[in-house]
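Worksheet for the structure shown next.
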Amino acid sequence: LIKYGMPGSDGAIESIRRTNGRFEYRTIGGGNPQGICGSGLIDLLAELCRHGQMTPKGVFANKTYEMPVVPEYGITFSREDASNLAQAKAANYCGQFIVMRQFGIGPEDITKLYLAGGFANYVNVQNAIEIGFLAPVPPDRIVKIGNASIQGAREVLLSRSKRQSIESLVKRIEHVELETTLDFFEVFVEGCQFKPMPRELTSASVLK
């Protein structure tokens, strides 16, 4: 739960950056801010770390519990917010880290990383990489594809060859049980920090 978090609807801060000691932002619909949606929170975390206002462990540099983001509208960001986001991010981090390591590849080996869904369309990729939300895949290999589930369902319904292709692909998918990985807890704890994922995905790398 994020105190001033909200879905990506009118009034949500969708992007934010720190300039000259204050935050500049853009809201969906262009109106007054009512809260911060997912893409805005990723920007906020990256900006706080980039400007030395928050440590990778989510502790504010001035040791306060809460800081103003848009004071004129009462929107703030707290250590509890940072902690909740850290745990949500860690789950995403574990999925990427453990699966890549399982198959002996690193971020540089990925030729295409597809980001699906409405949320992904608005994510600042570089900021997401900086806080470890995304693996450090070269940004020019990251492709935003929008609502992949609807497009996939449409293709399966309208094309027999597409359906056969997907049925073949499903049979070749290998399921990886994250929680049974021996060092899952260590990877999760590392993923709670707001810093880039290491490029060398070894067991030892999570302890650095």
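Details
- Residues in segment 141-185 that are in contact with a Phe, Trp or Tyr (Cβ under 9 Å, 6 or more places away or on another chain) and either assigned to a helix (DSSP H, G or I) or not assigned by TED's automatic domain parsing to the domain that holds Ile98 (or both) were compared, and the one that is surrounded by the fewest Cβ atoms within 10 Å (Cβ to Cβ) is Ala148.
- Candidates Phe97, Phe188, Phe133 - the one that is surrounded by 15 or more Cβ atoms within 10 Å (Cβ to Cβ), in contact (Cβ under 8 Å) with a residue 24 or more places away in the chain, of a type in the set (A, V, I, L, M, F, W, C) and not in a helix (DSSP H, G or I): Phe133
- The single condition among (1) assigned to a loop (DSSP other than H, G, I, E, B); (2) among the β-branched types (Val, Ile, Thr); (3) assigned by TED's automatic domain parsing to the domain that holds Pro136 that Ile2 does not satisfy is (3).
- Any hit, segment 51-72, residues being assigned to a helix (DSSP H, G or I) and under 17 Å from Pro33 (Cβ atoms): yes
- On inspection, Val143 qualifies as in contact (Cβ under 8 Å) with a residue 12 or more places away in the chain and aliphatic (A, V, I, L, M).
- The one condition in (1) in contact with a strand residue (DSSP E or B) (Cβ under 7 Å, 6 or more places away or on another chain); (2) surrounded by fewer than 16 Cβ atoms within 10 Å (Cβ to Cβ) that Tyr73 fails to fulfil: (1)
- Members of segment 111-129 that are of a type outside the set (Lys, Arg) and either surrounded by fewer than 16 Cβ atoms within 10 Å (Cβ to Cβ) or assigned to a strand (DSSP E or B) (or both): Thr111, Leu113, Tyr114, Leu115, Ala116, Gly117, Gly118, Phe119, Asn121, Gln126
- Hey, Ala91 hydrophobic (A, V, I, L, M, F, W, C), in contact with a Cys (Cβ under 7 Å, 6 or more places away or on another chain) and not in a strand (DSSP E or B) or not: no
- Selected residue (only one of Gly29, Gly38 is surrounded by fewer than 15 Cβ atoms within 10 Å (Cβ to Cβ) and either closer than 18 Å to Arg17 by Cα or over 15 Å from the mean Cα position of the chain (by Cα) (or both)): Gly29
- Residues of segment 47-62 include at least one that is in contact with a Phe, Trp or Tyr (Cβ under 7 Å, 6 or more places away or on another chain), of a type in the set (A, V, I, L, M) and crowded, with 20+ Cβ neighbours inside 10 Å.
- Residues within segment 136-152 that are within 16 Å of Gly118 (Cβ to Cβ) and among the hydrophobic types (A, V, I, L, M, F, W, C), tallied: 4
The values are calculated or read from the model by the stated rules, or taken from the named source; none is laboratory data. As the structure is a prediction and not an experimental result, all values here were calculated from the model. Don't worry about glycine lacking a Cβ; one is built from the backbone with ideal geometry, like all the others, and counts go over all protein chains shown.
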